[in-house]
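The values are calculated or read from the model by the stated rules, or taken from the named source; none is laboratory data. None of these values were measured; they are calculated from a predicted model. When we count neighbours, we look across all protein chains shown, and the Cβ atoms used for this are built from the backbone with ideal geometry, even at glycine. Only protein heavy atoms, including side chains, enter the accessible area calculation; ligands, DNA and RNA are left aside. Shrake-Rupley method; radii C 1.70, N 1.55, O 1.52, S 1.80 Å.
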Amino acid sequence: SKESGRNAFHFFTADMNARVLERLSLETSLRRALERNEFVLHFQPQVGLIGEQRDQLVGMEALVRWQHPDLGLVAPGRFIPVAEDCGLIIALGEWVLRESCRQAREWQLIREAQGLSPVPVAVNISALQFRHSGLEASVVAALADSGLPPQLLELELTESIMMQDAERALELLDRLKQRGVSLSIDDFGTGYSSLAYLKRFPIDKLKIDRTFVRDIATSADDATIAATIVNMARSLKLLVLAEGVETEAQQAFLADLGCNYMQGYLVSPPVGADHFQTTYLLPAIA
Ligand code: C2E
Ligand code: CA
Ligand code: CA
Ligand code: CA
């Protein structure tokens with residue numbers, strides 16, 4: 001009836017209002033969280049698969065979490081999309097860049113004192129952050145203020161971020177590259193990227209998305225995709241890292257393909273800075 005239709009409409013708007021309110025309060029909380037310094041970085045080790053670097057720590061990815069006073073540790077999937085929608089990702093992304101560089105520099109000095117080589121840090125860059133005109137200046141400031149050599153900073157971008165405005169992306173990536181930072185393509189294989197552009201972009205590394213790694217040892221299709229990415233990377237003289245490696249079978253398969261590096265629960269989930277330092281950054285003293 002007409003009556004129930006109207007009720008349905010009211011119900012719908014009430015539900016919409018609830019969701020709008022929920023989002024607004026999440027935005028407000030995120031803003032406050034940034035002021036109160038409630039964000040923390042976790043680090044996930046990246047390890048060599050082949051040759052002399054096999055089983056060696058070759059890098060680390062910084063992954064942000066929200067240490068909420070009541071909710072505990074909140075995963076980035078819960079707040080990054082909202083931060084991206086409301087623009088707060090610019091300030092949050094800047095904090096992530098600064099904190100990653102600060103931590104990587106501190107660890108560089110600790111390892112240097114023990115005669116160990118430095119470990120580069122990989123930082124995720126969001127779509128809005130990449131479109132924002134201040135990105136290059138933020139990178140330069142984070143490096144200068146921390147003292148981290150640019151060679152130890154890697155920026156992770158997705159294919160869609162780079163392809164959205166490929167000509168502008170190419171210019172910006174060239175400038176960042178000239179400043180000495182390295183560039184990698186995150187979640188590779190899930191987006192559409194033109195091979196022609198891939199060749200023109202000053203990219204150092206492809207990160208094979210974990211959806212292709214998951215069934216690599218059991219699905220012929222996924223095995224073919226992974227093999228194709230590794231071979232393509234090699235012919236373009238790019239490094240390849242496999243994401244989401246959870247089993248020894250996956251590790252063995254990727255090593256056979258000639259994949260350079262891996263990252264995943266098989267080695268370690270992302271962990272807090274103290275845990276990372278004692279467990280992965282400093283080798284066990286016998
Ligand atoms: P991502 O960049 O693809 O990061 C990898 C995600 O896979 C991380 O989730 C990590 O914990 C998870 N992972 C690692 N190894 C395994 C594995 O073996 N198996 C499985 N199932 N998962 C694994 P996390 O930390 O929840 O981050 C999710 C996403 O949030 C990231 O995906 C990235 O897109 C975004 N993100 C995280 N930190 C930041 C940040 O500081 N800035 C921006 N812009 N985005 C971030
Ligand atoms: Ca990433
Ligand atoms: Ca990824
Ligand atoms: Ca992802």
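Could you give the Stokes-Einstein D for the stretch 28-127 in µm² per second, using the C-alpha Kirkwood radius, 4 °C, 1.567 mPa s? Value of D from the Cα-based Kirkwood radius: 87 µm²/s. What is the stretch 146-224 by shape, rounded, prolate or oblate, if you read a ≥ b ≥ c off the alpha carbon gyration tensor as root eigenvalues and call it rounded for a/c under 1.5, prolate for a/b larger than b/c, and oblate otherwise? Oblate is the answer for the stretch 146-224, as a/c is 1.5 or above yet b/c matches or exceeds a/b.
Can you work out the PRE-style zone for Arg19? Point 7 Å along Cα to Cβ, and I want the residues of the stretch 48-90 with backbone N under 17 Å. Backbone N within reach: 78-79, 81-83, 85-86.
Based on Cα atoms of the chain, Rg over Rh with Rh as the Kirkwood radius reads 1.02.
Sequence-distant contacts, meaning Cα pairs under 8 Å at least 6 residues apart, place the relative contact order of the chain at 18 percent. Using the Karplus relation 6.51 cos²θ - 1.76 cosθ + 1.60 with θ = phi - 60°, the per-residue 3J(HN,Hα) values for the stretch 236-243 come to 8, 6, 10, 7, 10, 10, 9, 8 Hz, with x marking Gly and Pro. Rounded to the nearest whole Hz, the Karplus-based 3J(HN,Hα) values (6.51 cos²θ - 1.76 cosθ + 1.60, θ = phi - 60°) of the stretch 154-163 follow the sequence 10, 9, 9, 10, 8, 4, 5, 4, 6, 7, with x at glycine and proline. Lysine pair count for the chain (Cα-Cα distance under 27 Å; residues 8 or more apart in sequence or on different chains): 8. About the centre of its Cα atoms, the stretch 80-119 shows a dipole size close to 240 debye [charges on the beta carbon of Lys, Arg (+1) and Asp, Glu (-1) only; nearest 20 debye]. I'd like the distance separating the alpha-carbon centroids of the stretch 196-246 and the stretch 30-84, in whole Å. Between the Cα centre of the stretch 196-246 and that of the stretch 30-84, the gap is 23 Å. Cα convex hull, the stretch 170-286: 141 Å³ per residue, rounded to a whole number.
The mean accessible area for residues of the stretch 17-95, using a 1.4 Å probe and ignoring ligands and nucleic acids, is 54 Å² per residue. With each label modelled as a point 7 angstrom along the Cα→C-beta vector, the Met232-Leu282 pair spans 4.3 nm. Each Lys or Arg adds one and each Asp or Glu takes one away; over the other residues whose Cβ falls under 12 Å from the Cβ of Glu159, this sums to -3.
When the charge dipole of the chain is built from unit charges on Cβ atoms (+1 for Lys and Arg, -1 for Asp and Glu) and taken about the Cα centre, the candidate among Ser268, Leu173, Gly191 whose Cα reaches farthest toward its positive end is Leu173. Along each principal axis, taking the top coordinate minus the bottom one, the Cα set of the stretch 61-210 gives 44, 41, 31 Å in descending order. Ordering 195-207, 93-105, 179-191 by mean Cβ neighbour count within 10 Å, with the highest value first, yields 93-105, 179-191, 195-207.
Of the GluC sites (Glu not before Pro) found in the stretch 185-270, the ones in coil according to DSSP and having at most 15 other Cβ atoms within 10 Å of their Cβ are Glu246. Straightening the chain between His275 and Thr247 buys 7.9 nm, computed as 0.36 nm per residue apart minus the Cα-Cα spacing.
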